[in-house]
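Inspection log for the structure reproduced underneath, given as C-alpha cells.
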Amino acid sequence: MNPSRPAGACRALVIFGATGDLARRMLWPSLYALHRDGLLPDPFQLVGAATRPVPDAAFVERVREAILASSNGDHFDQAAFESFAGRIRYVAVDTGSEGGLASLEAALAPGEGGVVYYLSTAPEHFGPICQQLGRSGLAGAGCRVVVEKPIGTSTETALAVNEAIGTVFAERQVFRIDHYLGKEAVQNLLALRFANAIFEPLWNSNAIEQVQITVAETVGIEGRWGYYDGAGALRDMVQSHLMQLLCLVAMEPPASFTPSAVRNEKVKVLWSLRPFTRESVATHTVRGQYAAGYVEGRPVPGYLEEEGARPASDTESFVALRAQVDNWRWAGVPFYLRTGKRMRQRSSEIVIQFKAAPFNIFAGIGQQLTANVLLIKLQPHETITLTLMHKKPGLNEVHLGEVPLNLSLADALGAGRRRIAYERMLLDVLRDNPALFVRRDEVEAAWRWIDGIVEGWQAAGQKVRPYDAGSWGPSAAIALTERNGHSWRE
Ligand code: BG6
C-alpha cells in the first residue's frame with residue numbers, strides 16, 4: 001500500500017448509485033484493482049451511497065460478487081479483498097429531500113484532503129445531488145465531482161446540468177467521464193499521431209481520401225431499456241465516444257501535452273463540424289433498429305422484443321453518418337461515423353484511407369492499384385495495419401497485390417493485464433489530472449452538432465430502418481458511402 005499522501009490528495013470517494021449497473025460492472029472492480037496494486041492513497045475511505053438501506057456486510061458481499069463477475073475477477077486475491085473491504089462503508093441517502101445526506105456526513109471520517117463524489121446516477125440527479133452536497137457543506141474546495149455521460153439529452157438540457165453542477169463546483173473540480181478516453185488504445189492515438197513525424201505531412205486532405213470510424217457492438221441493450229430507449233445510438237454513442245475519436249483523429253497538434261492544450265484542440269474540431277440541415281440529414285445520416293437475427297451463431301431477439309420494450313418504439317440502435325470538418329486541414333474529406341448494437345462483430349476501428357497513386361504505371365500490364373489504408377483497431381485487439389501494394393513473388397509478369405504491414409500492440413509490447421478503462425479514469429481523478437475528461441465547452445459543442453441531426457430527423461419524420469441482428473446495419477448505410485464512391489471497410 002502507498003503510505004504517502006501527496007499534496008492535494010483526497011481522503012474518500014463516495015459513489016452515488018453504488019448498487020447500480022455501472023458501479024457493479026466497472027467502478028467497484030476498478031477500485032479493487034487500484035487498491036490491490038497499491039495505487040489508492042492510504043488512508044482512503046470508499047463510501048457506497050444509494051437509496052435503499054443495505055447492511056455494510058451485505059453490501060461488501062455484493063461488491064465481492066461484482067469483482068468476481070468482472071474481468072478483474074481473474075486476478076482475485078482474498079487477502080487484498082479483505083483489506084479493500086476494510087475501506088468500504090454503505091449509506092442509504094435520500095438525495096431528493098432536505099437533510100437526506102445526513103447519513104453520508106456521519107459516515108465520512110474527518111481528516112485532511114477532499115472527497116471525490118462519483119455520480120453514477122441518471123443525469124437528472126446530477127444537479128439535485130450537487131445542490132445537496134453544497135447545502136450540507138460537503139463540497140469544499142478540495143472536493144471533486146465525477147459525472148458520467150450522457151450529460152443531458154440536448155444542448156439545452158446539457159447547459160442546465162452543467163449550470164446546476166457549476167453553481168456548487170468550479171470547473172476544475174468537475175470530471176466528466178467518457179470512458180473511451182480511458183482506453184489504452186484510444187490514448188495511443190495521440191502517441192501515434194504526435195510522437196511519430198512520418199504521419200503529420202500526410203494527415204490532411206492532400207493525402208487522405210476519407211476517414212471511417214466504426215464502433216460496432218454485438219451486445220443488445222443489455223436490460224437497459226429504460227435508459228436506452230430514451231437515448232438511442234446517436235445520444236448514447238455518437239455524441240460521446242465517436243465524437244471523441246473523431247476529435248483525436250482530426251485535431252491539430254497541441255502546443256503541449258497539458259490538459260488545456262489538448263482539450264482546446266479537441267473543441268476546435270467540434271466547432272469546425274459542418275452543421276446538418278434538414279436536407280443534409282436526409283442524405284448524410286441513416287438510422288437503424290435491429291430485428292431478430294443471429295449474432296455469433298446464437299439467435300437473438302429484435303429491439304422491440306427486448307425485455308421491457310415499448311411497442312413500436314422508433315429509437316435507433318444504429319447510426320451511420322457522413323460528417324465534414326470544415327477547416328484547412330480537412331476540407332472535402334468525408335468522415336464516416338457508424339455505430340450499432342447487435343452487429344456482426346465487436347469491432348472499434350478507425351480507417352484512414354489515403355488517396356490513390358496519382359498515376360498507375362502498371363495499367364499497361366493490366367494491374368490495378370489499391371489506395372493505401374492505415375487501419376487502427378481499438379477493440380477487441382489493438383492493432384495498427386498499413387496496407388501496401390507489392391509485387392507478388394515469381395518469374396512471370398508483374399502481378400501486384402495488397403499486403404498488410406501489421407503491428408499487434410499486444411505482441412510487440414507484451415500483453416500485460418488488460419485494465420478496465422475506469423481504472424485509469426479513477427486514478428486520474430485522484431491525481432487531479434483532467435486531461436482525459438471532457439470539458440464543459442466540449443460537451444456543449446458536441447450537443448449543438450447532435451441537436452441539428454435530431455431536429456432534422458424530427459422535421460423529416462425520418463424513421464428507423466430495420467436491420468437483421470448479426471449484420472452490418474441497414475443497406476442504406478452502404479448507400480451512404482457509395483454515393484461518394486466509397487465503401488465501408490469490413
Ligand atoms: C457506453 C454505452 O457508454 O459504452 C453503451 O452507454 C455501450 O451502450 C458502451 O455498450 C460500449 O463501451 P465498450 O467499452 O464496451 O466499447
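For the stretch 350-400, the candidate set comprises residues that are part of a strand (DSSP E or B) and charged (D, E, K, R); within that set, the residue that is surrounded by the most Cβ atoms within 10 Å (Cβ to Cβ) is K377. Only a single item in (1) on the phi < 0 side of the Ramachandran plot; (2) within 16 Å of the ligand (Cβ to nearest atom); (3) assigned to a loop (DSSP other than H, G, I, E, B) is not met by E252, and it is number (2).
Quick one: would you say L190 is within 23 Å of the chain's Cα centre (by Cα) and of a type outside the set (V, I, T)?
Working: within 23 Å of the chain's Cα centre (by Cα): yes; of a type outside the set (V, I, T): yes.
Taking the combined requirement at face value, the residue satisfies it.
Inspect all residues belonging to the stretch 40-59 and state whether any of them is assigned to a helix (DSSP H, G or I) and buried (at least 22 other Cβ atoms within 10 Å of the Cβ). No, the conditions are met nowhere in the stretch 40-59. Only one of the numbered conditions (1) under 22 Å from the mean Cα position of the chain (by Cα); (2) farther than 24 Å from F335 by Cβ; (3) outside any strand (DSSP E or B) is violated by L133, and that is (1).
When the residues of the stretch 225-240 are filtered to those that are more than 9 Å from the ligand (Cβ to nearest atom) and of a type in the set (A, V, I, L, M, F, W, C), the one that is farthest from A446 (Cα to Cα) is W225.
Taken over the stretch 185-224, the criterion of being assigned to a helix (DSSP H, G or I) and within 12 Å of the ligand (Cβ to nearest atom) is satisfied by A185, V186.
Within the stretch 401-436, the set of residues being charged (D, E, K, R), within 16 Å of the ligand (Cβ to nearest atom) and buried (at least 18 other Cβ atoms within 10 Å of the Cβ) comprises R419, E423, R424.
Selection within the stretch 331-353: residues that are polar (S, T, N, Q) and under 25 Å from E222 (Cα atoms). The member of this set that is farthest from the ligand (Cβ to nearest atom) is Q345. Considering the stretch 284-296, the residues that are at pLDDT 95 or above and outside any strand (DSSP E or B) include one that is farthest from the chain's Cα centre (by Cα), namely A292.
Of these, G297, G230, which one is among the small types (G, A, S), closer than 28 Å to S475 by Cα and without any contact (Cβ under 8 Å) to a residue 24 or more places away in the chain? After ruling out the rest, the residue left standing is G297. Summed over the stretch 462-480, residues that are in a loop (DSSP other than H, G, I, E, B) and surrounded by 15 or more Cβ atoms within 10 Å (Cβ to Cβ) total 7. Taking the conditions (1) touching a Ser or Thr at 6+ places or on another chain (Cβ under 8 Å); (2) buried (at least 21 other Cβ atoms within 10 Å of the Cβ) in turn, S30 satisfies each one other than (1).
Within the stretch 393-427, the set of residues being farther than 26 Å from L374 by Cα and basic (K, R) comprises R417, R424. The residues of the stretch 88-113 that are in a loop (DSSP other than H, G, I, E, B) and farther than 17 Å from C130 by Cβ, listed by number, are A109, P110, G111, E112, G113. Say whether the condition of being in contact (Cβ under 8 Å) with a residue 12 or more places away in the chain, touching an Asp or Glu at 6+ places or on another chain (Cβ under 7 Å) and of a type in the set (K, R) is met by at least one residue in the stretch 51-60. Among the residues of the stretch 51-60, not one is in contact (Cβ under 8 Å) with a residue 12 or more places away in the chain, touching an Asp or Glu at 6+ places or on another chain (Cβ under 7 Å) and of a type in the set (K, R), which makes the answer no. For the residues T258, T214, T218, T277, the requirement of being among the hydroxyl-bearing types (S, T, Y) and either farther than 26 Å from H486 by Cβ or in contact with a Cys (Cβ under 9 Å, 6 or more places away or on another chain) (or both) singles out T258. Would you confirm whether or not the stretch 82-96 contains a residue that is out of contact with any strand residue (DSSP E or B) (no Cβ under 6 Å at 6 or more places or on another chain), at pLDDT below 95, of a type outside the set (D, E, K, R) and more than 12 Å from V14 (Cβ to Cβ)? Among the residues of the stretch 82-96, at least one is out of contact with any strand residue (DSSP E or B) (no Cβ under 6 Å at 6 or more places or on another chain), at pLDDT below 95, of a type outside the set (D, E, K, R) and more than 12 Å from V14 (Cβ to Cβ), which makes the answer yes. Taking the listed residues D411, D432, the one that is over 24 Å from the mean Cα position of the chain (by Cα) and closer than 30 Å to L34 by Cβ is D411, with no other qualifying.
The values are calculated or read from the model by the stated rules, or taken from the named source; none is laboratory data. Predicted model only: the values in this text are computed from it and were never measured. Don't worry about glycine lacking a Cβ; one is built from the backbone with ideal geometry, like all the others, and counts go over all protein chains shown.
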